[in-house]
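The values are calculated or read from the model by the stated rules, or taken from the named source; none is laboratory data. Computed from a prediction, not measured in an experiment: that's the story for all the values here. Note that each Cβ is placed from the backbone with ideal geometry, even for glycine, and that neighbours are counted across all protein chains shown. Keep in mind that these areas ignore ligands, DNA and RNA; they rest on the heavy atoms of the full protein, side chains included. Shrake-Rupley method; radii C 1.70, N 1.55, O 1.52, S 1.80 Å.
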Amino acid sequence: MTRVFLVDDHQLFLSGVRAELGDDVDVVGNASEVDAAIEMIRERTPDVVLVDVHMPGGGGARVIAEVLSTHPDTRFLALSVSDAPEDVIATIRAGARGYVTKTIAPDDLVAAIEAVADGDAVFSPRLAGFVLDAFSNDPPPATDPELEQLTPREREVLRLIARGYAYKEVARDLGISVKTVETHVSSVLRKLQLSNRYELSRWATDRRIV
């Protein structure tokens, strides 16, 4: 069963979501403040964090960034009343795997959580279009000498790791062994002079090659 942590600064809403999710997922905790959320998520290592966007103390983006800096395999799904393009784009750039609005039906929310846990990206239908437009309208990156030094296979591994895939998921998708994935990651880190998966993810995100 997918282990889920809830973050929202409205206690009534937290209680409602917890009740709606029922026994479909394992809710391992909840928090209504950013600092408490960061600490508890790190302690309880859920599979998916359901996080609100607008909260005092830096909001969902800060929760996402702080947790990913130490636990890069954690996956985040934003759940917000806001459907403003700037909120969606900023949250996705911070590292969220999806963004749905609070009008979502309970069954659809469970499905979205499971999809994010499996490594997919999930958006409410009306949000997906402008998210794709926002990223497709980005100017193509100039030739990057650092990227050019990577082999085609290393670039494939880089993109999947930066998207939050676990080593065994990368191995399955590319039809290679986990050991080979580890070797490629080590090579990429060495060539790019990076220290860990989080730095690698940020490097790829900054260059918009994820």
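Applying a threshold of 8 Å to beta carbon distances and a minimum spacing of six or more residues, or different chains, the list of pairs starting in region 114-141 at a residue that is more than 27 Å from Val170 (Cα to Cα) and ending at one that is at pLDDT 75 or above and not in a loop (DSSP other than H, G, I, E, B) reads Leu127/Val88; Leu127/Tyr99; Leu127/Val100; Leu127/Thr101; Phe130/Pro85; Phe130/Val88. Among the numbered criteria (1) closer than 17 Å to Met40 by Cα; (2) part of a loop (DSSP other than H, G, I, E, B), which one does Arg62 miss? With (1) closer than 17 Å to Met40 by Cα; (2) part of a loop (DSSP other than H, G, I, E, B) applied to Arg62, the lone miss is (2). Taking the numbered list (1) in contact with a Ser or Thr (Cβ under 9 Å, 6 or more places away or on another chain); (2) not in a loop (DSSP other than H, G, I, E, B) in turn, Asp9 passes all entries but (2). With respect to (1) surrounded by 14 or more Cβ atoms within 10 Å (Cβ to Cβ); (2) without any contact (Cβ under 8 Å) to a residue 40 or more places away in the chain, the lone exception for Ala204 is condition (2).
The listed residues are Asp107, Asp138, and the only one of them that is out of contact with any helix residue (DSSP H, G or I) (no Cβ under 7 Å at 6 or more places or on another chain), modelled with pLDDT of 90 or more, of a type in the set (Asp, Glu) and surrounded by fewer than 11 Cβ atoms within 10 Å (Cβ to Cβ) turns out to be Asp107.
Within region 165-200, being touching a Pro at 6+ places or on another chain (Cβ under 6 Å) and under 20 Å from Asp118 (Cβ atoms) holds for one residue alone: Arg197.
Examine region 16-36 for a residue that is in a helix (DSSP H, G or I), in contact (Cβ under 8 Å) with a residue 60 or more places away in the chain and open to solvent by 10 Å² or more (accessible area, probe 1.4 Å), and state whether such a residue exists. Yes, because at least one residue in region 16-36 is in a helix (DSSP H, G or I), in contact (Cβ under 8 Å) with a residue 60 or more places away in the chain and open to solvent by 10 Å² or more (accessible area, probe 1.4 Å). Apart from one condition, Leu194 fits all of (1) part of a helix (DSSP H, G or I); (2) closer than 16 Å to Leu150 by Cβ; the exception is (1).
With respect to the stated conditions, Ala112 is open to solvent by less than 20 Å² (accessible area, probe 1.4 Å), part of a helix (DSSP H, G or I) and under 18 Å from Glu20 (Cα atoms). For region 153-201, a residue qualifies if it is among the polar types (S, T, N, Q) and surrounded by fewer than 18 Cβ atoms within 10 Å (Cβ to Cβ), and the qualifying residues are Ser177, Thr180, Thr183, Ser186, Ser187, Gln193, Ser195, Asn196.
If the condition is being in a helix (DSSP H, G or I) and of a type in the set (S, T, N, Q), then region 170-191 contributes Thr180, Thr183, Ser186, Ser187.
If you filter region 1-15 down to residues that are farther than 17 Å from Ala112 by Cβ and of a type outside the set (D, E, K, R), you find that the one that is most open to solvent (accessible area, probe 1.4 Å) is Leu12. Restricted to region 70-89, and to residues there that are open to solvent by 50 Å² or more (accessible area, probe 1.4 Å) and in a helix (DSSP H, G or I), the residue that is nearest to Glu33 (Cα to Cα) is Thr70.
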